[in-house]
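What follows is a single structure, written as structure tokens, with notes after it.
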Amino acid sequence: MALPPTIYKASIELSDIDRQSYQNLQTTLARHPSETAERVVLRLLAYALWYEEGLEFTRGICIGDEPDLWVKSSDDQIRLRIEVGLPDADRLLKAKNHCEHLILLASGPDGPWRTWQKKQLPSLISVKGLELFTLDWSWVKETAELGPRQIHWQLTRTEGLLYLTTDNQTRETPLIPLGE
């Protein structure tokens, strides 16, 4: 018998000064049994950082070719596709042909991150319509350790820095664009 997903409810007070976006976000996301807590944090951060009307979580890890998040147009075309983690460059290049805009929030443990950077990143750097960002893995890992199933975050983005407050503790990290 397959294990059921774990359901998370998140409330995020977003102050994105860089994008002039101020939102009180409420969302629910499912954690697949094979998914790590760090990956859930990356998906939730991606949701907040690139939030716009119509952005939704997909079935993601359950369905091989779906992104983690997307915005579809009224004619069911993918307008915005957001991926997290360390996906294969071929997957992203293929996906870019089927959407207007693609964002990758890349992050992972040190060894896999260095390997991904050497093997995958060079073929992605110059792709038009593809934005690449990374976060410090240790920050992501620490954030995942704080995460109960009821998530309450205050997230501020200003001048490329993220300030995340949860449980009266604020931690900061840069949101680093790759390839600039």
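Taking region 135-164, which residues are among the β-branched types (V, I, T), out of contact with any Phe, Trp or Tyr (no Cβ under 8 Å at 6 or more places or on another chain) and within 23 Å of G108 (Cβ to Cβ)? Quick ask: steps written out before the conclusion?
As a first pass, look at region 135-164 and keep what is among the β-branched types (V, I, T): 140, 143, 151, 156, 158.
Subset that is out of contact with any Phe, Trp or Tyr (no Cβ under 8 Å at 6 or more places or on another chain): 140, 143, 158.
V140, T143, listed by residue number.
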Completion exercise
Exactly one of A46, A95, A30, A89 is surrounded by fewer than 19 Cβ atoms within 10 Å (Cβ to Cβ), among the aliphatic types (A, V, I, L, M) and closer than 30 Å to P122 by Cβ, and that residue is A89
Handout entry: Wholly within region 61-147, strands (runs of 3 or more DSSP E) carrying at least 1 residues that are free of Cβ contacts under 8 Å to residues at least 24 places away in the same chain
Key = 69-72, 78-85
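If you scan region 1-14, which residues turn out to be in a strand (DSSP E or B) and surrounded by fewer than 15 Cβ atoms within 10 Å (Cβ to Cβ)? Full working, then the answer.
Our first condition is that a residue be in a strand (DSSP E or B); within region 1-14, this holds for 6-14.
If the condition is that a residue be in a strand (DSSP E or B) and surrounded by fewer than 15 Cβ atoms within 10 Å (Cβ to Cβ), then T6, I7, K9, S11 are the ones that fit.
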Practice task
Filter region 144-172 down to residues that are surrounded by 15 or more Cβ atoms within 10 Å (Cβ to Cβ), closer than 30 Å to D90 by Cα and either small (G, A, S) or in contact with a helix residue (DSSP H, G or I) (Cβ under 6 Å, 6 or more places away or on another chain) (or both), then give me how many there are.
Solution key: 1
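Every number in this text was worked out from the coordinates using simple rules, so none of it is lab data. In this text the structure is predicted, and so the values were computed from the model without any measurement. Here Cβ is always computed from backbone atoms with ideal geometry, including for glycine, and neighbour counts include all displayed protein chains.
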